[in-house]
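The values are calculated or read from the model by the stated rules, or taken from the named source; none is laboratory data. Because the structure is predicted, anything quoted here is derived from the model rather than measured. Don't worry about glycine lacking a Cβ; one is built from the backbone with ideal geometry, like all the others, and counts go over all protein chains shown. Accessible surface is based on the protein model in full, side chains and every heavy atom, while ligands, DNA and RNA are left aside. Shrake-Rupley method; radii C 1.70, N 1.55, O 1.52, S 1.80 Å.
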Amino acid sequence: MTDKPTRRKRSGGRAGNASRRGTAVIEQSPWNPPINTDPPTEPLPPEGVEAIHDAAMRILEEIGIEFLNPEALEIMRKAGCTVRGENVRMGRDFVMEMVGRAPASWTITPRNPARRITMGEGHILFGNVSSPPNYWDMTLGRKLPGTREMCRDFLKLSQYFNCIHFVGGYPTEPQDVHASVRHLDVLYDKLTLTDKVAHAYALGPERIEDVMEMVRIAGGLSHDEFDASPRMYTNINSTSPLKHDHPMLDGWMRLARRGQGLIVTPFTLAGAMAPVTMAGAVAQSLAESLSAVALAQYMRPGVPTAIGTFTSNVDMKTGAPAFGTPEYMRATQMSGQMARFYGLPLRSSGVCAANVPDAQAMWESMNSLWAGVQSGSNMIYHAAGWLEGGLIASPEKFVMDCEVLQQVQRYLDPVICDTSPEALAVDTIAEVGPTGHFFGTQHTQDRYTHAFYQPFLSDWRNYEAWEAAGAIWTTERAHNVYKAIVAGFEPPPMEDAIHEELSDFVARRKHEGGAPTDF
């Protein structure tokens, strides 16, 4: 039987309440996905952009990409590409024609329309940690395989925090649920515990079709309404170097036919799956991305697509992935520059290689996050909760990251740079003069409650006051916040009839065996 949270009828119309949360454990920023109006960092001169573009086109024309999917091969053959075995070569004119069909921005509308998000147009979206097989929290003090209960706790955090704008893949893989039905349980939990945009793994036709149907049911949509505009998305990773595998292409094409969101993110680790030079790694990443974009746009012109960057480097001493490095930051900025050249939205990631939520974890995550902001990224994956290069999800790290995400949102708030007469406050400066202070002025009194960012996790007391209050370190404070949020969590409302239809679908698909596996 599927777990059923308390059901309530939807209030406030179909939109519900976008700011709804459980017990007010913290005072957090409101739901308000930021728009990045800062000029992006562009490390490449114009000739550098042309050089990387030419290298990507040469890879597509002269070397080709392996498409390990017979249906995709046949589509690309009909499109006029050169197909030899599983190798597909495509001319730059064809590629650029297909890329030109892709929209520069698009929206995704989840079951709660108030949670609609925009990919492109300067919008910047933060998502939860996705796909780690393991879990760590400070009570356990060790790494353990993920469970459904752990996954549900992360979904509750993802719903609670307004600075999390979409819910990506499984926050931690629930390995106590068999792989054949795991997608059914996790998507059921995701759609009942959250009302934000959901993701589907492109791991075989059954999983993709099941998730599309569950998202359609949860939204109370007809099939035509679902197909009319994006309601969900997938993110596929090429198998670098230079391959797209069978199941991911299958899911990519199924979602393309139904007009859902498509993001392709090569995992190009310089020195391992890509050239050791960052320009070479970025060029290879672009070739792998653009080949998938070309496939989708040939199948359905104008389907919403975006490219992603996961270009970093390995530790050349051990071969382990490294994240938040100077090279990672520059590769992200370069990828953003190239995404603007192609007129495509960009996805990046807030990632680190640290094993526990310590100082290393935060400086590497900050480097990754700010590289995403500087690059003009529109979607930042893994923005909260990621550890050990994607092998561990941590609730304490999630809470710590959300403190940083709120600060980034405040940093991007245009009110800080307001230069109106009221903001310049010349009359108040004259009133105070050289001998007074501003605490008691009317100008300050009218604004003091919202003038500055107020943290929910940082402790600004002096040492003596902090020590007197128990000398609680940041990770422990984050642990206490996480526990309180989960304990007081209330799921967003869902209409009884929709909840029943969703539960019945899950039960039926489980009875049918879910998705086939080899174990």
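A few comments on the model shown:
- Beta carbons closer than 6 Å, at least 6 apart along the sequence or on distinct chains, pair a first residue in the range 31-45 that is touching a residue at least 40 places away in the same chain (Cβ under 8 Å) with a second that is surrounded by 13 or more Cβ atoms within 10 Å (Cβ to Cβ) and among the polar types (S, T, N, Q) for 31/162; 34/409; 41/333; 41/374; 42/337; 43/333; 44/337.
- Single condition residue 102 does not satisfy, out of (1) more than 30 Å from residue 220 (Cβ to Cβ); (2) in contact with a helix residue (DSSP H, G or I) (Cβ under 7 Å, 6 or more places away or on another chain); (3) open to solvent by 10 Å² or more (accessible area, probe 1.4 Å); (4) not β-branched (Val, Ile, Thr): (1)
- Residue within the range 83-91 that is in contact with a Leu (Cβ under 6 Å, 6 or more places away or on another chain), crowded, with 19+ Cβ neighbours inside 10 Å and farther than 23 Å from residue 344 by Cα present: yes
- Every pair of residues 6+ apart whose Cβ atoms lie under 8 Å, when the first sits in the range 297-321 and is in contact (Cβ under 8 Å) with a residue 40 or more places away in the chain and under 19 Å from residue 278 (Cβ atoms) while the second is among the charged types (D, E, K, R) and part of a loop (DSSP other than H, G, I, E, B): 321/315
- The set of residues in the range 333-386 that are among the aromatic types (Phe, Trp, Tyr) and over 16 Å from the mean Cα position of the chain (by Cα) comprises 341, 342, 363.
- Residue match in the range 70-78 (condition: open to solvent by less than 50 Å² (accessible area, probe 1.4 Å) and of a type outside the set (A, V, I, L, M)): no
- Scope the range 235-253; condition in contact with a Ser or Thr (Cβ under 9 Å, 6 or more places away or on another chain) and either under 23 Å from residue 206 (Cβ atoms) or at pLDDT below 95 (or both); matching residues: 235, 236, 237, 238, 244, 245, 248, 251, 252
- Among the residues of the range 457-515, those identified as within 22 Å of residue 359 (Cα to Cα) and in contact (Cβ under 8 Å) with a residue 12 or more places away in the chain are 457, 458, 459, 472, 474, 475, 476, 477, 478, 479, 481, 482.
- Close pairs from the range 369-382: first over 24 Å from residue 198 (Cα atoms), partner of a type in the set (A, V, I, L, M) and open to solvent by 10 Å² or more (accessible area, probe 1.4 Å), Cβ under 7 Å, at least 6 apart: 371/329
- Those residues of the range 407-455 which are among the aromatic types (Phe, Trp, Tyr), open to solvent by 100 Å² or more (accessible area, probe 1.4 Å) and either on the phi > 0 side of the Ramachandran plot or over 28 Å from the mean Cα position of the chain (by Cα) (or both), in sequence order: 439, 448
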